[in-house]
Amino acid sequence: MRMDDPAADPSHDRLTQDFDLLQTAVRDAGALALSYFGREVASTQKADGSPVSEADLAADELLRAALMTDRPDYGWLSEETADEPSRLDARFVWIVDPIDGTRAFLAGTPEWTIAAALVDNGQPVLAAVFNPATAEIFTARRGHGASLNGEAIAVGDRNRIEGCSIIASSGLFSKKIWQEPWPRMQVKWVNSIAYRLALVAQGRAHATIALTPKSEWDLAAATLLVQEAGGRVTGIDASILVFNQPVPRLKGLVAAGPDLHRLLVERTTTVPNSA
């Protein structure tokens, strides 16, 4: 048996159990969040200006109990939980966003997700991204592919930028930060970045780009979806994303199929750091 075979790892059987645990927890958290959706929900503003609702906190509490009770030796990193430095000493870490896209959630727009991943030594090995409002659950396991509602998915096969479908801010490509103009593309916006990446993994969009920093909980689960669907996710400078860092922030991202990713990164690497 090859050493790079996932089955060669003694944690293989436990990961199978963890994958079942993860999917159940994300589904349960999604059902709980959906019970708040479309209602008047109490919310406050965090220090960074982003909203947090009672649904975020309820989903976070459910996920932590479901994922950590039987895995007390795992680390925990969530948008809605005070950071615990002990996670840095753990091999396995749950990285969770109880509701990614809280603004959409509060506005009644079905573009929010429950996103959770298990990270092993800095890389996601299990992932689930669930949009309860559309009944879509995207899952992935390292080396086993990605799926939507149990059916295998794959990134789009695209080798040119012109005409591609890209999820990003509509004004991004008209900014004066680019060395050359962008060709005509189909640009659309989706509030949850985890959902954006899931749509790229499914092939419903060819790519997504974000130049602004993102938190690890925004990207950990959905990064694995794209990778297991045959695509690439990197920083805008083509750097590999590493998770469970002391400061859990990543400097933007580019996600697409391999050929399109290479073409996009050729442009994003020229963007000034202050962009």
Residue-wise HN-Hα coupling along the stretch 194-207, computed from phi with Karplus coefficients 6.51, -1.76, 1.60 (Hz; x: Gly, Pro): 4, 5, 4, 5, 5, 5, 5, 4, 7, x, 6, 9, 7, 6
For the stretch 41-190, averaging the sequence separation of alpha carbon pairs under 8 Å that lie six or more residues apart and dividing by its residue count, the contact order in percent is 12
For the peptides 129-135, 148-154, what is the packing order when you average, over each peptide's residues, the other Cβ atoms within 10 Å and list the highest mean first? 129-135, 148-154
Projected onto the charge dipole of the stretch 6-152 (unit charges on the beta-carbon of Lys, Arg, Asp and Glu, signs +1, +1, -1, -1), the Cα from Gln123, Ser50, His144 with the largest positive-side position is that of His144
Viscosity 1.567 mPa s, temperature 4 °C: what is the translational diffusion coefficient of the chain from Stokes-Einstein with a Kirkwood Rh over Cα pairs, rounded to a whole number of µm²/s? 69
Diffing the stretch 28-34: the Karplus 3J(HN,Hα) column from phi (6.51, -1.76, 1.60, θ = phi - 60°), in whole Hz with x for Gly and Pro, holds 5, 5, x, 5, 5, 4, 5
Note, ³J(HN,Hα) from phi for the stretch 118-130, Karplus 6.51, -1.76, 1.60, rounded to Hz, x at Gly and Pro: 9, 9, 10, 6, x, 10, x, 10, 9, 8, 9, 10, 10
Exposure proxy order (Cβ contacts within 10 Å, fewest to most) of Val155, Val125, Val187: Val187, Val125, Val155
Assuming a viscosity of 0.890 mPa s and a temperature of 25 °C, what translational diffusion coefficient in µm² per second does Stokes-Einstein assign to the stretch 6-152, Rh being the Kirkwood radius over Cα pairs? 156
Under a 10 Å cutoff between Cα atoms, tell me which one of Ile209, Ile137, Ile177 has the largest fluctuation in the Gaussian network model of the chain. Ile177
Cα centre as origin, Lys/Arg/Asp/Glu Cβ charges: the stretch 165-268 dipole, Debye: 320
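We did not get these values from a lab; they are worked out from the coordinates using the rules stated. Small disclaimer: the values here were computed from a predicted structure and weren't measured. As a convention, Cβ positions derive from the backbone with ideal geometry for all residues, glycine included, and neighbour counts pool all protein chains shown.
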